[in-house]
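Participant: Questions regarding the structure given below will be posed in turn.
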Amino acid sequence: MSPSTTVAASGVLDPRQWRDAAPSAFRKLNPLSLWRNPVMFIVELGAAFTTVLAVADPSVFAWVITVWLWLTVGFAALAEAIAEGRGKAQAAGLRRTRTETTAHRLTTDAAGFTGPDGAPVEEVPATALRNGDLVLVEAGQVIPADGDVVIGIASVDESAITGESAPVIRESGGDRSAVTGGTRVLSDWVVVEVTAESGKGFMDRMIALVEGASRQRTPNEIALNILLAAMTIVFLLAVVTIQPAAIYAKAASPALDNGVLDAGGVTGIVLVSLLVCLIPTTIGALLSAIGIAGMDRLVQRNVLAMSGRAVEAAGDVDTLLLDKTGTVTHGNRRASAFLPLPGVAGRELAEAALSASLADETPEGRSIVDFAREAYGVVPPESSGVTPVPFTAQSRMSGVDVVSPDGVTTGVRKGAAAAMTAWTAAGGGDVDPRVPELVGRISDEGGTPLLVAVCTGDEPARVLGVVHLKDVVKDGMTERFDTLRAMGIRTVMVTGDNPRTAAAIAAEAGVDDFIAEATPEDKLELIRAEQRRGRLVAMTGDGTNDAPALAQADVGLAMNTGTSAAKEAGNMVDLDSDPTKLIEIVAIGKQLLMTRGALTTFSIANDIAKYFAIIPAIFAVVHPGLDALNIMRLSSPESAIISAVVFNALIIIALVPLALRGVRYRPATAVSMLRRNLFVYGLGGVVAPFLGIKAIDLLVSLIPGITS
Amino acid sequence: MAAGLPTLGFVAILIAALVLACRPLGDHIHRVTTRERHLAVERGLYRLIGVRPDTEQTWAGYARSVLAFSAVGVVALFGLQRLQHLLPGDKGFDAVDPAVAWNTAVSFVTNTNWQSYSGESTMGHLVQTAGLAVQNFLSAAVGIAVALVLVRGFARRTTDRLGNFWVDVTRVTLWVLLPLSVIGAIVLIAGGAVQNLTDTVTAAGVTGDPQQITGGAVASQEAIKNLGTNGGGYHNVNSAHPFENPTNWTNLVQVLLILMIPFSMPRVFGRMVGNPAQGRAILAVMAGLALLSTTAVVLLELAGPGTVPTALGSSMEGRDVRFGVGDSAVFAAATTLTSTGSVNSFHDSYSAGGGGMLILNMAVGEVAPGGVGSGLYGMLVLAVITVFVAGLMVGRTPEYLGKKIGARQIKLASLYFLTTPAILLLALATTIAVPGNHAAIQESGPHGWSELLYAFTSASNNNGSAFAGLGADTPWLNTVLGICMLLGRFLPMILVLALAGSLATARSVPATSGTFPTTTPLFVGMVGAVTIVLVALTFLPVLALGPLAEAL
């Protein structure tokens, strides 16, 4: 994530989404479920009340208000239904991959299993499997349940859950033993010990999560709901107490009359309209849609959060624990420099190093070839007369022997310092005294030195120079850590390297801290120490020995390629197994909270304009001076009230895309983010309704018969 | 606007005096309330009332002490008034009527000092000095004590112990209120306020008619009346009476006394949480709002007379010639911005807009700077709500002073800001719905509504000042306003203590650059905006029917 990378927009809403959500939205109007959202529940009660009033005493005004109040509740339900609908579509896709699976359960224990052919198996439906059962899965079969491979090795197509078509290897023992029910074995066979019964497996949880069925409200959402409920009660009181006051005021000037205020006080329809306009309906309507959409944004990035709490915690993270290998660095050492000894040309060393690496298929070997090509423009020599000498555990070096047309054999080798020194000595050569110095320097910088030597015919072998292999920090990581620092997040690199190497990499990558020679226990202790200081910690992990730390961390992102123990312990799983995704998850968590805060601010700021619309509309008839508050010059009391109610409803629909997409998030300090959001949503929230209500009023005033 | 010039000077001297006084006073309050050692005098008092001063209380224990102490205060004050004719120093007055006695007892214990009676013709020396004056000290001390607990809630970590009520009240009374009120009383006596224990003297007035001249321990009552943001005057006309507030400069001293402690509390807060900048931010919100409101009241008053003066043909109606329109307006703003409620002019006579501002000052919960203690805790609750709404916008779980603001904190803070409007609006609506109450309202139309609205706003927010014009001495109003005062004081206090309890048990989160900063001008502006938008807007409909309708 470079600084300009924002959390991607998740597509423009297309009309089909709205239509598909309608039936589900309609079901959400059931007051028995709606009461959990106090703001919208009050709106629904108000709508029901005005319906009764409109039936009893019909007028254009009464019916227009009634219809728009119902639309207000409807829009809220629709927003939630649309948010859920996107998850439901994904869940349906997942379900399609699940077919009625038949499992081949072993009738012996693992010790009694001798091979797939003629193994004692019985066919049972996958739903009948219990934890601990052993099942045999062969090429072409679907793995019936989550489990660990106990015998065998196989390539597995996990595209059903990851969307990634390249097969992965699953084998017994180690960190690649976990398999997921619903994935397909492509080649070979494995025996799997079932760890999750049908209905409790990973895929089942995933479906439930993306569907939103298991969605629980997050701590901040609960707190915000309480605040919104309190504001609703305050405004309810403010509106209810207007009535006796209005009757008292009206009694002083009984002659005047209009459609909104008569001797019995303010009409019920007007009171309900005022109430609905004042309570925070905008955020109340969109609150759950924001939460669902936040989870959805994670799913779109192939991350499964086991709880919404974890997503929110991600936004609060103070400390990120990052594994060096695979996260900070590419994980493979790469050639970064050729250091020739005096008297040797750089090109000569490069040619020799390239030759010595021609047969070396390891990433290190490939990187030497690439580097020689890029830095020195060296091309590989003709392959005739070249005999590769592969790396062996005994020789601890690799290279080639080249026989020239005149029959002279030249050996080119590269390897670790000790092995190469011995080889040179055996070839009758002396090692230049500057070699140990070079080797030591590279080691100090955290790199790995490889000596390159040649031995032509009977001439004494000689060392040409040293290849500097180093752990290369991934592109853009330094910028990312700078960004994180600006956001107030401390990064700690965890590595098994020695402290010197670790320090060098840490300095290059720009992390704030590192722990070297780290054991899983060190990780756990570091997390606990940070938490004792009140910090929230996020980490990634894939191995079983990471499980305790993953469980202890506030945000534990397990890799999908990891063991089931790791996946159980973490509260999120990354299906792409990309540890750097943790940084994106933090951004999504922050964006979720920001969206809620921004829309709450907007909602409250809206009230100012609504007061200016409704208060003069109601009371100007008895206190003509109050008409001065009608700064929007709305055409009539009825039209003013209708305009406020219509604006209130339309703004919900207008903000649905924002609620689903989330407010724009750019990593920055709290101060600058706050200033921007306050400007857009605070000031915008004050100004927008003045313009909107005035515009609606211009249209509404054209409706015939609106004024009684 | 030439008439405004002397007022500008008055305000300038006032601000200068406050700037000089508040920081050392805040440091002093911080010192005496956080001192480890108990002085001999204190130890003697603790032995007398039987408390172990080193045993700290939980929030619930503290709340029980607050309630028990206040309940005893109400009963004692009620008894003293009902039995005054049997006790010495009765000045020949009879036992106080039960409804008045209830109303007065509650009024003084809740730091409201709403007076539905004429002090000089109802209460004898004993009630004034041993009853009312004592509660002037103690109710103020209770307010400061509760504020201290909330600040401890922010300052402390992972504990449920929040201090000892008896220690806090003792120290605040002995070392803050007593010395300051002695100084204040001496200054006022020097300025001409009376201090004696004589009976009423009858003398010939300027017109030759006999005139009743009351004496009494006026100056000592005066000092604590203002210092403790109490407001209960010795005389019915309160600080307009020449024996209470003889000259223009005693008027200045009185306003200074009113504002001194409330404006010092943010300093105490900043020191206790170990970050004076946090205190300065809160002070800035208070000062900003106070300045806005005072300017508005003064300008509105200088611009035009209100309903009553217009009817009488005099813009000075309801003001004393000693103070003039401008200085009276400053006094009125100060007394309603705090929970004092002492008056040196009749707020009823203010222009509709000016009177409306006074109501609004009280309706926002008296947080700028508010009553002694209550102003600080009210403002901190608003800060918590601000931090929550705005804090979400920076993408983190909101935190204030290192404490996460979660569901429980928001629940308590929301209930706090809900309570006073709820009491006020429900009582007001019920009262106006009962036709029998309409007779108590002097004026008809919007001004009459303002009179009633003022009374309920004043009682529910524990201010105690009144729009003259409302005949408040009816059984209904005495009782209902009494209930408003009681609930308006103690329900918020319990919520504040519970909030302190929930904060103190939490651990503290270290601040990072991702943390929402609460010392910036941006934050100051936001708390001010939340105060106005969230709280004041609640009262816009009822204000529209009274002051706004009248003003526009």
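The values are calculated or read from the model by the stated rules, or taken from the named source; none is laboratory data. The structure presented is a predicted model; accordingly, all values stated were derived computationally and were not measured. Ideal geometry is used to build each Cβ from the backbone, glycine not excepted, and the neighbour counts take in all protein chains shown.
Participant: Under the condition of being at pLDDT 85 or above and in contact with an Asp or Glu (Cβ under 9 Å, 6 or more places away or on another chain), which residue from region B:454-468 is farthest from B:LEU227 (Cα to Cα)?
Facilitator: B:TYR454
Participant: Is it the case that region B:117-130 has a residue that's among the β-branched types (Val, Ile, Thr), under 26 Å from B:MET485 (Cβ atoms) and surrounded by fewer than 17 Cβ atoms within 10 Å (Cβ to Cβ)?
Facilitator: Among the residues of region B:117-130, not one is among the β-branched types (Val, Ile, Thr), under 26 Å from B:MET485 (Cβ atoms) and surrounded by fewer than 17 Cβ atoms within 10 Å (Cβ to Cβ), which makes the answer no.
Participant: Can you find a residue in region A:695-704 that is without any contact (Cβ under 8 Å) to a residue 60 or more places away in the chain and either of a type in the set (Phe, Trp, Tyr) or within 14 Å of chain B (Cβ to nearest Cβ) (or both)?
Facilitator: There is no residue in region A:695-704 that is without any contact (Cβ under 8 Å) to a residue 60 or more places away in the chain and either of a type in the set (Phe, Trp, Tyr) or within 14 Å of chain B (Cβ to nearest Cβ) (or both).
Participant: When you scan region B:469-489, do you find a residue that is of a type in the set (A, V, I, L, M), part of a loop (DSSP other than H, G, I, E, B) and either touching a Ser or Thr at 6+ places or on another chain (Cβ under 7 Å) or under 24 Å from B:GLY228 (Cβ atoms) (or both), even just one?
Facilitator: Within region B:469-489, one or more residues are of a type in the set (A, V, I, L, M), part of a loop (DSSP other than H, G, I, E, B) and either touching a Ser or Thr at 6+ places or on another chain (Cβ under 7 Å) or under 24 Å from B:GLY228 (Cβ atoms) (or both).
Participant: Name every residue in region B:83-114 that is assigned to a helix (DSSP H, G or I) and crowded, with 17+ Cβ neighbours inside 10 Å, in order of residue number.
Facilitator: B:GLN84, B:ALA99, B:VAL100, B:ALA101, B:TRP102, B:ASN103, B:THR104, B:ALA105, B:VAL106, B:SER107, B:PHE108, B:VAL109 - these are the residues of region B:83-114 that are assigned to a helix (DSSP H, G or I) and crowded, with 17+ Cβ neighbours inside 10 Å.
Participant: Quick one: how many residues across region A:624-644 are facing another protein chain (nearest Cβ under 8 Å) and crowded, with 24+ Cβ neighbours inside 10 Å?
Facilitator: Number of matching residues: 0.
Participant: I've got another one for you. Among the strands (runs of 3 or more DSSP E) confined wholly to region A:446-516, which include 3 or more residues that are assigned by TED's automatic domain parsing to the domain that holds A:GLY399 and closer than 25 Å to A:ALA416 by Cβ?
Facilitator: Result: A:448-456, A:462-473.
Participant: Additional query: Among the residues of region B:388-404, write down those that are within 18 Å of A:ASP554 (Cα to Cα) and facing chain A (nearest Cβ under 7 Å).
Facilitator: B:GLY395, B:ARG396, B:THR397
Participant: Residues of region B:512-552 being at pLDDT below 85 and more than 8 Å from chain A (Cβ to nearest Cβ), which ones?
Facilitator: B:VAL535, B:ALA536, B:GLY546, B:PRO547
Participant: Just give me the residues in region B:104-136 being in contact (Cβ under 8 Å) with a residue 60 or more places away in the chain and over 17 Å from the mean Cα position of the chain (by Cα), in sequence order.
Facilitator: B:SER116, B:TYR117, B:SER118, B:GLY119, B:GLU120, B:SER121, B:HIS125, B:GLN128, B:THR129 - these are the residues of region B:104-136 that are in contact (Cβ under 8 Å) with a residue 60 or more places away in the chain and over 17 Å from the mean Cα position of the chain (by Cα).
Participant: In the set A:ASP546, A:ASP576, which member is more than 9 Å from every other protein chain (Cβ to nearest Cβ) and assigned to a helix (DSSP H, G or I)?
Facilitator: Only one candidate qualifies: A:ASP546.
Participant: Got at least one residue in region A:320-338 being assigned to a helix (DSSP H, G or I) and of a type in the set (Gly, Ala, Ser)?
Facilitator: No, the conditions are met nowhere in region A:320-338.
Participant: If we scan region A:256-265, do we find a residue that is modelled with pLDDT under 90, within 13 Å of chain B (Cβ to nearest Cβ), surrounded by fewer than 23 Cβ atoms within 10 Å (Cβ to Cβ) and within 30 Å of B:VAL389 (Cα to Cα)?
Facilitator: no
Participant: Which condition number does A:ALA110 fail, the rest of (1) more than 39 Å from the chain's Cα centre (by Cα); (2) more than 23 Å from A:GLY181 (Cβ to Cβ); (3) not charged (D, E, K, R) being met?
Facilitator: For A:ALA110, the exception is condition (2).
Participant: Output the residue which, of all residues in region A:579-599 that are farther than 22 Å from A:MET477 by Cα and within 9 Å of chain B (Cβ to nearest Cβ), is surrounded by the fewest Cβ atoms within 10 Å (Cβ to Cβ).
Facilitator: A:MET594
Participant: Sticking with this one: Just need a number here: residues in region B:394-411 that are free of Cβ contacts under 8 Å to residues at least 60 places away in the same chain and either closer than 19 Å to A:GLY488 by Cα or assigned to a loop (DSSP other than H, G, I, E, B) (or both).
Facilitator: Here the count works out to 3.
Participant: Separate question: If A:LEU438 meets every condition in (1) within 14 Å of another protein chain (Cβ to nearest Cβ); (2) in contact with a strand residue (DSSP E or B) (Cβ under 7 Å, 6 or more places away or on another chain) apart from one, which number is that one?
Facilitator: (1) is the only condition that A:LEU438 fails.
Participant: Among B:SER414, B:SER444, B:SER450, which is the only one that is in contact (Cβ under 8 Å) with a residue 40 or more places away in the chain and hydroxyl-bearing (Ser, Thr, Tyr)?
Facilitator: After applying the criteria, what remains is B:SER450.
Participant: Looking for whichever is crowded, with 19+ Cβ neighbours inside 10 Å and either closer than 15 Å to A:THR327 by Cα or not hydrophobic (A, V, I, L, M, F, W, C) (or both) here; the options are A:GLY440, A:GLY465. Which one fits?
Facilitator: Going through A:GLY440, A:GLY465 in turn, the sole match is A:GLY465.
Participant: Collect the residues in region B:142-201 that are among the acidic types (Asp, Glu) and not in a helix (DSSP H, G or I), keeping them in residue-number order.
Facilitator: B:ASP160, B:ASP199
Participant: Same structure again: Given the criterion in contact with a Leu (Cβ under 6 Å, 6 or more places away or on another chain) and either among the aromatic types (Phe, Trp, Tyr) or within 10 Å of chain B (Cβ to nearest Cβ) (or both), identify the matching residue among A:PHE602, A:PHE647, A:PHE619.
Facilitator: The unique qualifying residue is A:PHE619.
Participant: Output the residues belonging to region A:517-543 that are hydroxyl-bearing (Ser, Thr, Tyr) and in a loop (DSSP other than H, G, I, E, B).
Facilitator: Of everything in region A:517-543, just one residue is hydroxyl-bearing (Ser, Thr, Tyr) and in a loop (DSSP other than H, G, I, E, B), namely A:THR519.
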